Amino acid sequence: MYAATKIVIITERSILDGVAELLEEHGATGYTYTSAGGKGSRGKRRIDRVPQVAGILENVKIEVIVPDHDSAERITRAVVDTYFDDYSGITYIVPVEILRPGKFQV
């Protein structure tokens, strides 16, 4: 097992493409996203309703594995500075253990 860092970003579906571009610009080699629901300071978002405007009003949870905490901080800072003044979102960083470190170079 090898130490790495996972970035989790929960935000609006409408900015997914822009966030993905930022991740890649800052060296992330890949990411996973899923629909997300919940309640926060900007109200409730449900995922069990009929999709609205092709899912644009949904939230997504984006997960990214990077090799170290410094890379994770750099990436999350870019996302927060670029989007979170105008869009709802949270991000957090979690230490993880991985099996294939070569897949997560930054």
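The values are calculated or read from the model by the stated rules, or taken from the named source; none is laboratory data. Because the structure is a prediction, the values reported are computed rather than measured. Glycine also receives a Cβ, built like all others from the backbone with ideal geometry; neighbour counts cover every protein chain displayed.
A Cβ distance below 8 Å, combined with a sequence gap of six or more or placement on separate chains, defines the contacts here; from the stretch 64-83, residues that are aromatic (Phe, Trp, Tyr) reach residues that are surrounded by 15 or more Cβ atoms within 10 Å (Cβ to Cβ) in the pairs Tyr83/Thr11; Tyr83/Ile15; Tyr83/Val19; Tyr83/Gly89. The set of residues in the stretch 91-106 being at pLDDT below 95 and either surrounded by 13 or more Cβ atoms within 10 Å (Cβ to Cβ) or at positive phi (or both) consists of Ile98, Pro101, Phe104, Val106.
Hey, any hits in the stretch 68-75 for a residue that's modelled with pLDDT of 75 or more, of a type in the set (A, V, I, L, M, F, W, C) and surrounded by 15 or more Cβ atoms within 10 Å (Cβ to Cβ)? Even if it seems obvious, please write down each step before you answer.
First, the residues of the stretch 68-75 that are modelled with pLDDT of 75 or more: 68-75.
Those still in the list that are of a type in the set (A, V, I, L, M, F, W, C) too: 72, 75.
Cutting the leftovers down to surrounded by 15 or more Cβ atoms within 10 Å (Cβ to Cβ) gives us 72, 75.
Scanning the stretch 68-75 turns up at least one residue that is modelled with pLDDT of 75 or more, of a type in the set (A, V, I, L, M, F, W, C) and surrounded by 15 or more Cβ atoms within 10 Å (Cβ to Cβ).
Selection of first residues in the stretch 2-25 that are free of Cβ contacts under 8 Å to residues at least 60 places away in the same chain and of second residues that are of a type in the set (Ser, Thr, Tyr) and in a strand (DSSP E or B), restricted to Cβ pairs under 9 Å at least 6 apart or on distinct chains, gives the following pairs, ordered by first then second residue: Arg13/Tyr33; Arg13/Ser35; Leu16/Tyr33; Ala20/Tyr33.
Within the stretch 29-51, can one find any residue that is buried (at least 19 other Cβ atoms within 10 Å of the Cβ), of a type outside the set (Ser, Thr, Tyr) and at pLDDT 95 or above? Full working, then the answer.
Filtering the stretch 29-51 down to residues buried (at least 19 other Cβ atoms within 10 Å of the Cβ) leaves 45.
Those still in the list that are of a type outside the set (Ser, Thr, Tyr) too: 45.
Of the ones still in play, those that are also at pLDDT 95 or above are none.
No, there is no match, as no residue in the stretch 29-51 is buried (at least 19 other Cβ atoms within 10 Å of the Cβ), of a type outside the set (Ser, Thr, Tyr) and at pLDDT 95 or above.
Quick one: is Asp86 assigned to a loop (DSSP other than H, G, I, E, B), within 17 Å of the chain's Cα centre (by Cα) and either modelled with pLDDT of 95 or more or not aliphatic (A, V, I, L, M) (or both)? Spelling it out, Asp86 is indeed assigned to a loop (DSSP other than H, G, I, E, B), within 17 Å of the chain's Cα centre (by Cα) and either modelled with pLDDT of 95 or more or not aliphatic (A, V, I, L, M) (or both).
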